[in-house]
1. Restricting to segment 110-120, name every residue that is more than 16 Å from Lys144 (Cβ to Cβ) and out of contact with any Pro (no Cβ under 7 Å at 6 or more places or on another chain).
2. Could you list, in sequence order, the residues of segment 135-145 that are under 22 Å from Thr96 (Cβ atoms) and either within 13 Å of the chain's Cα centre (by Cα) or open to solvent by 70 Å² or more (accessible area, probe 1.4 Å) (or both)?
3. Of the residues that make up segment 110-125, is at least one buried (at least 23 other Cβ atoms within 10 Å of the Cβ), of a type in the set (S, T, N, Q) and under 14 Å from the mean Cα position of the chain (by Cα)?
4. Any residue in segment 100-118 that's under 23 Å from Ala72 (Cα atoms): show its pairings with residues that are small (Gly, Ala, Ser) and in a loop (DSSP other than H, G, I, E, B) at Cβ separation under 7 Å, as long as the two are six or more apart or on different chains.
5. Can you tell me which residue in segment 74-109 is most open to solvent (accessible area, probe 1.4 Å), limited to those that are farther than 16 Å from Glu149 by Cα and charged (D, E, K, R)?
6. Across segment 121-142, which residue is nearest to Leu161 (Cα to Cα) among those that are at pLDDT 95 or above, among the small types (Gly, Ala, Ser) and assigned to a loop (DSSP other than H, G, I, E, B)?
Amino acid sequence: MTSASFKSTSGPGRRTVVAAAGAAGLAVALTACGGSDDDSSSSSAPADSSGSSSPTGDGSADGNAGGGTALASTADIPEGGGKVFADQKVVVTQPTAGEFKAFSATCTHQGCAVKSVADGVINCPCHNSNFSITDGSVKSGPAKKPLPEMQIAVSGDSITLA
């Protein structure tokens, strides 16, 4: 038996596979951190509009109250905290009892997904930006712009995207 009998002539070589895997990993990393502080896709609704988010069952005033994506029960959102819904790219918070807010779950620094809500802030693990659960404003980190507010409707004990 010679070493030539172990040499495969079909398929890509080991170096090709390793190089392709490295390139794919780099592409993923650059995509995740490829955003900028220039957020041209921020919410079109002003933060101070009365229909921004519907606190405590005011969903009937919003024409889309029944047509949104169901997110959670009000009991699922802790008072003084919140919950990230990664699939919908939204974070819902309850700054005070019965007051529910929603923000984009995409960090305004470089487009990473925020991952958790703790101690009154929404946390982005990529570069440690933190945002207020009350208004989405930047509390710390390299982010300079607040998280855009998103429309939700609260009807009874159900929270839906509006």
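The values are calculated or read from the model by the stated rules, or taken from the named source; none is laboratory data. These numbers were taken from a predicted model, which means no experiment stands behind them. Cβ placement follows ideal geometry from the backbone for every residue including glycine, while neighbour counts extend to all protein chains displayed. Areas reflect the complete protein model, heavy atoms only, side chains present, ligands, DNA and RNA absent. Shrake-Rupley method; radii C 1.70, N 1.55, O 1.52, S 1.80 Å.
1. So in segment 110-120, the residues more than 16 Å from Lys144 (Cβ to Cβ) come out as 113, 115-120.
The answer is Ala113, Ser116, Val117, Ala118, Asp119, Gly120.
2. Residues satisfying the conditions are Asp135, Gly136, Lys139.
3. Looking through segment 110-125, none of the residues is buried (at least 23 other Cβ atoms within 10 Å of the Cβ), of a type in the set (S, T, N, Q) and under 14 Å from the mean Cα position of the chain (by Cα).
4. Phe100/Ser53; Lys101/Ser53; Ala102/Ser53; Phe103/Gly136; Cys107/Ser129; Cys107/Ala143; Ala113/Ala105; Val114/Ala105
5. Per the stated criteria, the residue is Asp87.
6. Filtering first and then ranking leaves Gly136.
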